[in-house]
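What follows is a set of notes on a single structure, which appears directly below.
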Amino acid sequence: MWDFQDDPTGGNTVTARTGAQSTTLTARGSKTVSKDSGDPGPFGPSLVLDGETVFVKDGDIAALDVSKTGGQVTLINWVNDTADDHDDPQNGKSANGMAFRAGSHCEGGPAEARQYGSYFDGFFYLGWSWGHYTPHIGAQDGPSPGYPWNRDYAASARKYFTGVGQGRWHMEAFTYDGHEIVAYVDGLSDMWKGVTEPAPMEPGYTLRQTVDRNPYVLDKPINGSPTTKRFSIGAALYGSPPFPGINFTKGKLGGVAVFDRALSAEEIMAVRLGTLLPGEPITRYSFEVTSPGGHPLKEIGWTAKSDPNCTDVSGDIGEGYRVSRPEGATKAFLRKASTQIGATWVPLTGLSSTQVKRIRFKLASKTPAAGEQRILVRVDGKWWASQLTYKTKTEQPDMPDWTKAETATHVMSWDKGQWRPATIDESDPGELSISDDTNADSIPAGPLQAIGFFSEGGDGSLVRLTDVELLP
């Protein structure tokens, strides 16, 4: 593990100080260590990456070659990415926003040797500037057979934007157990199924696929070829001397940890909870999307249901729950204008119901008569909607001013009378309903498997909410 605390500013090396081996990486060229104490990571002053710096271990990387230690891996990094090329097109043009955090990944050239890498914004696979976390596993030195590049990667359904003024610290992590790659953001993995890739952009390749991206089933061993392996932080490497960096990260790096086994979801969450910055939520859902307009919730890994028959509207952009980002708006948000009963949620992993103490979100509905919102949770397989409801007290115009939005905070008490049983039956036809009664006894602690919102209708005026925070 590298936390960068003992690496002197102005030097050209970073050394792992925790773990089975002490590995020193050296900066390419004339680059040196720079730190930022004003924007610290979880362990202290962060390592500044200027988008041109890479630290490398050439030659024998010992235990970091996980093909020799059982073929499993977990990589965790803490990052505040300040690059502005992961989001909307810059000056009308799409940008290459691929950013490599750390790993053993040397591509192209005569000495390429892919193994594993923590990548953000893998645009080759999902279209330009999508803002997903896209960790890779390499089963061979070169590209995946039939492809111009390695296509064995997981991808978070959720997106998060970066850049100075809008980027935030995130804990990115992935695991590979020899069967599937799982991508985690802020200690949580989501589910992203049925993702259709664009066709390869390079001539001569026509393969494309529709697959589940999180988790992604690979069922191949990590590349154990005799080719020399290299480990790097800050960028991937090109496989030809002098093995320069490619796909640089620009921003602040708070730490990098590599494990020679696949950690469980509970272990990943334990790391997240143990490294939160002061006042930092476990995670924040801001419903970020890549382009203005209406977007279905399926696009970012949420599920949406509508009407008493529990009709799935996850792929719709109608009046049920969906995402919106009007042209010129400062934020994307969750919206609902239907008078029908509705529910929306995102799956959670590794969390216990007792570990989330509060839910906080911004609310800027068009009128106070818009549908009241209940917190929706799934605990140990059972659905509950909060007894308390939340609505806007003042009117907000068509383009909400989120600086004036109301903040709602729900205290996650599991005592008697705090929750109503909810029925979410996804068969065809199914059932979506809420009981008039509340829980007669305290709800036992259990895995918190989903969180979202439940609404019984309203007058049809627009409900808007965003920045949903899970607070420890």
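The values are calculated or read from the model by the stated rules, or taken from the named source; none is laboratory data. Owing to the predicted nature of the structure, the values given are computational and were not obtained by experimental measurement. Cβ atoms come from the backbone with ideal geometry, glycine included; neighbour counts cover every protein chain shown.
Of note:
- Number of positions in segment 296-338 that are in a loop (DSSP other than H, G, I, E, B) and under 25 Å from SER427 (Cβ atoms): 17
- Of the residues GLY293, GLY279, the single one that is of a type outside the set (Asp, Glu), out of contact with any His (no Cβ under 8 Å at 6 or more places or on another chain) and without any contact (Cβ under 8 Å) to a residue 12 or more places away in the chain is GLY279.
- From the options THR74, THR32, THR53, residue that is at pLDDT 95 or above, among the β-branched types (Val, Ile, Thr) and in a strand (DSSP E or B): THR74
- Looking only at residues in segment 369-397 that are within 23 Å of ALA304 (Cα to Cα) and surrounded by fewer than 18 Cβ atoms within 10 Å (Cβ to Cβ), the one that is farthest from the chain's Cα centre (by Cα) is ALA369.
- Close Cβ contacts (under 8 Å, 6 or more residues apart or on different chains) running from residues in segment 414-440 that are without any contact (Cβ under 8 Å) to a residue 24 or more places away in the chain to residues that are of a type in the set (Gly, Ala, Ser) and surrounded by 15 or more Cβ atoms within 10 Å (Cβ to Cβ) comprise SER435/ALA422.
- Test: SER30 is free of Cβ contacts under 8 Å to residues at least 24 places away in the same chain and of a type in the set (Gly, Ala, Ser): yes
- Here SER353 meets the list (1) crowded, with 18+ Cβ neighbours inside 10 Å; (2) within 15 Å of PHE453 (Cβ to Cβ) almost entirely, failing just condition (2).
- Residues satisfying the stated conditions in segment 427-470, i.e. among the polar types (S, T, N, Q) and crowded, with 21+ Cβ neighbours inside 10 Å: SER455, THR466
- Checked against the criterion of being of a type outside the set (Asp, Glu), surrounded by fewer than 14 Cβ atoms within 10 Å (Cβ to Cβ) and in a loop (DSSP other than H, G, I, E, B), the candidates SER22, SER37 yield just one match: SER22.
- Residue in segment 92-106 that is surrounded by 19 or more Cβ atoms within 10 Å (Cβ to Cβ), of a type in the set (Ser, Thr, Tyr), modelled with pLDDT of 95 or more and more than 19 Å from the chain's Cα centre (by Cα) present: yes
- Residues that are crowded, with 21+ Cβ neighbours inside 10 Å and hydrophobic (A, V, I, L, M, F, W, C) were ranked within segment 290-319; the one that is modelled with the lowest pLDDT is ILE300.
- The listed residues are THR344, THR349, and the only one of them that is in a strand (DSSP E or B), touching a Gly at 6+ places or on another chain (Cβ under 9 Å) and not aliphatic (A, V, I, L, M) turns out to be THR344.
- Count of segment 320-360 residues which are at pLDDT below 95, touching a helix residue (DSSP H, G or I) at 6+ places or on another chain (Cβ under 8 Å) and at positive phi: 0
- Some residue of segment 179-197 being more than 30 Å from VAL66 (Cα to Cα) and either modelled with pLDDT under 80 or among the polar types (S, T, N, Q) (or both): yes
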